[in-house]
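Asker: Structure in structure tokens, see below.
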Amino acid sequence: MRILYAETTAHYPSSAHFLEALRDMATRGECEYHFLDESNYISARRWLAERAACRLMRRPPRGQRDLNRALLHEAVSFRPDVILIGKGACFAPGTLRAVRAATGASLINWATDDPFNPAAGTRSLRDSIPLYDLYVCTKRAVMADIERAGCRRVAYVRFGYKPQVHFPEAPSTADERARFGCDVGFVGGCDRDRGPYFEALVAALPHLRINFFGRYYDRFPRLKPYWRSMANGRDFRLAVSGARISLNLVRRANRDDHVMRTFEIPACGGFMLAERTPAHEQLFAEDREAAFFSSPDEMVAKVNEWLKRDEDRIRVAAAGRRRIVEGGNTYSDRLDELLAVAGINRELG
């Protein structure tokens, strides 16, 4: 089986999600794959500027045009059986039609974001929905909209974790302990709907050591003193292991019911205090494998409660890790799910 996989490594090692899984499959002789890295053409830092320029010029910027040409070239030269596209915000419908006509490959979208979220989706992405043979959603709430947009096959496959990246590793030096050690930590952007949760925390428990890793905390004066740098790869592991409690809030603008942290925090051995959602309640036994909250006040109360229960926190974190690592939640498992839903035999070809 030949797989052409297109996604960005802009947030490596978290993305591209299936890159290591495909390497392992290729090593075992189960597939051949080519990887098209969108970050070679589209800069994550310039994404908003490029979208604005696109609207003004009424045509895609040069990097996006080059990316579309590269996809068509790779498809024609490699002749894949499957073309798997992560998100695909920058691929034009005309390119996807040309790719399908040239190869006859199964075209699959791995929808890491809500394509109808104005901050994450594009017109090209939405117009391309009917062209996919399968649209794999990481959030149930978008599935009906995908079907209404014209895709005949829609499936739900959750995020996962990477065993090579997400495992327990405590800060080991004085500098690392000073940077990552804290009572409460959160890794992720401070969306405007998340701000009130964090503001409630620092207002009610100002004595706590709190670390926020990510973007946009400078929008909130109360939160800025707790703002740290980004935390990817090893830094993510250290941020989780260094925190007595790791918060996990979903992204409402994406209509999330879970996020990548849902799997990554427990895999790294962290105690997870997560927003209560149906997906989280299905995945974890409350107060035995993770703890949940439904409001800012409840989050503050749970933080205050669990910080006093050291032994229970350690026990819950260990049980949560077992749930994830023994439950078939790696991206290799997710790739198996995805191909099975598509009706594709891994040993084909």
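The values are calculated or read from the model by the stated rules, or taken from the named source; none is laboratory data. Keep in mind that what you see is a predicted model, and the values were worked out from it rather than measured. No Cβ is skipped: glycine too gets one built from the backbone with ideal geometry, and neighbour counts run over all protein chains shown.
Asker: Determine which member of the set GLY327, GLY343 is of a type outside the set (Phe, Trp, Tyr), surrounded by fewer than 22 Cβ atoms within 10 Å (Cβ to Cβ) and at pLDDT below 95.
Answerer: Details: GLY327 fails: at pLDDT below 95.
Unique residue meeting the criteria: GLY343.
Asker: Restricting attention to region 182-221, which residues are crowded, with 18+ Cβ neighbours inside 10 Å and of a type in the set (Ser, Thr, Tyr)?
Answerer: Of everything in region 182-221, those that are crowded, with 18+ Cβ neighbours inside 10 Å and of a type in the set (Ser, Thr, Tyr) turn out to be TYR197, TYR217.
Asker: Quick check on my filter: what residues within region 1-30 are within 22 Å of VAL76 (Cβ to Cβ) and either out of contact with any strand residue (DSSP E or B) (no Cβ under 8 Å at 6 or more places or on another chain) or of a type in the set (Asp, Glu) (or both)?
Answerer: Across region 1-30, the qualifying residue is only GLU7.
Asker: Any idea which residue in region 1-26 is surrounded by the most Cβ atoms within 10 Å (Cβ to Cβ), counting only those that are aliphatic (A, V, I, L, M) and in contact with a helix residue (DSSP H, G or I) (Cβ under 7 Å, 6 or more places away or on another chain)? If you could, list the steps in order and put the result at the bottom.
Answerer: Of all residues in region 1-26, those aliphatic (A, V, I, L, M) come to 1, 3-4, 6, 10, 16, 19, 21-22, 25-26.
Subsequent filtering for residues that are in contact with a helix residue (DSSP H, G or I) (Cβ under 7 Å, 6 or more places away or on another chain) retains 3-4, 6, 10, 21.
Values: ILE3: 27, LEU4: 25, ALA6: 24, ALA10: 16, ALA21: 21.
The qualifying residue surrounded by the most Cβ atoms within 10 Å (Cβ to Cβ) is ILE3.
Asker: Another question, if that's okay. Kindly indicate which of GLU169, GLU199 is in contact with a Leu (Cβ under 9 Å, 6 or more places away or on another chain) and not assigned by TED's automatic domain parsing to the domain that holds PRO278.
Answerer: Details: GLU199 fails: not assigned by TED's automatic domain parsing to the domain that holds PRO278.
From the options GLU169, GLU199, the qualifying one is GLU169.
Asker: List pairs: first residue in region 1-22 and within 11 Å of LEU36 (Cβ to Cβ) and assigned by TED's automatic domain parsing to the domain that holds LYS87, second residue β-branched (Val, Ile, Thr) and in a loop (DSSP other than H, G, I, E, B) anywhere in the structure, Cβ distance under 6 angstrom, at least six positions apart or on different chains.
Answerer: ALA16/THR9
Asker: Taking GLU289 as the residue in question, decide whether it is assigned by TED's automatic domain parsing to the domain that holds TYR217, buried (at least 22 other Cβ atoms within 10 Å of the Cβ), closer than 24 Å to GLY327 by Cα and of a type in the set (Asp, Glu). Please lay out each step first, then the result.
Answerer: Working: assigned by TED's automatic domain parsing to the domain that holds TYR217: yes; buried (at least 22 other Cβ atoms within 10 Å of the Cβ): no; closer than 24 Å to GLY327 by Cα: yes; of a type in the set (Asp, Glu): yes.
No.
Asker: On to the next question. Every residue in region 174-196 that is in contact with a strand residue (DSSP E or B) (Cβ under 7 Å, 6 or more places away or on another chain) and of a type in the set (D, E, K, R), please.
Answerer: Once the filter is applied, which keeps residues that are in contact with a strand residue (DSSP E or B) (Cβ under 7 Å, 6 or more places away or on another chain) and of a type in the set (D, E, K, R), region 174-196 yields only ASP183.
Asker: While we're looking at this one, here's another question. Kindly establish whether ARG261 is farther than 17 Å from ASN248 by Cα and either assigned by TED's automatic domain parsing to the domain that holds ALA21 or surrounded by 18 or more Cβ atoms within 10 Å (Cβ to Cβ) (or both). Let's see the steps before the verdict.
Answerer: Values: farther than 17 Å from ASN248 by Cα: no; either assigned by TED's automatic domain parsing to the domain that holds ALA21 or surrounded by 18 or more Cβ atoms within 10 Å (Cβ to Cβ) (or both): yes.
Judged against the criteria, ARG261 is not a match.
Asker: Do the conditions hold for VAL184, that is, is it closer than 29 Å to PRO278 by Cβ and not in a loop (DSSP other than H, G, I, E, B)? If you could, list the steps in order and put the result at the bottom.
Answerer: Values: closer than 29 Å to PRO278 by Cβ: yes; not in a loop (DSSP other than H, G, I, E, B): yes.
For VAL184, the condition - closer than 29 Å to PRO278 by Cβ and not in a loop (DSSP other than H, G, I, E, B) - is met.
Asker: Sticking with this one: Before we move on, is ARG179 outside any loop (DSSP other than H, G, I, E, B), more than 18 Å from the chain's Cα centre (by Cα), of a type in the set (Lys, Arg) and surrounded by 14 or more Cβ atoms within 10 Å (Cβ to Cβ)? Let's see the steps before the verdict.
Answerer: Values: outside any loop (DSSP other than H, G, I, E, B): yes; more than 18 Å from the chain's Cα centre (by Cα): yes; of a type in the set (Lys, Arg): yes; surrounded by 14 or more Cβ atoms within 10 Å (Cβ to Cβ): yes.
Yes, satisfied.
Asker: May I ask you to list pairs of residues, at least six apart or on different chains, whose Cβ atoms are under 6 Å apart, with the first in region 278-297 being without any contact (Cβ under 8 Å) to a residue 60 or more places away in the chain and among the basic types (Lys, Arg) and the second being in a helix (DSSP H, G or I) and surrounded by 13 or more Cβ atoms within 10 Å (Cβ to Cβ)?
Answerer: Final answer for the pair search is ARG288/ALA319.
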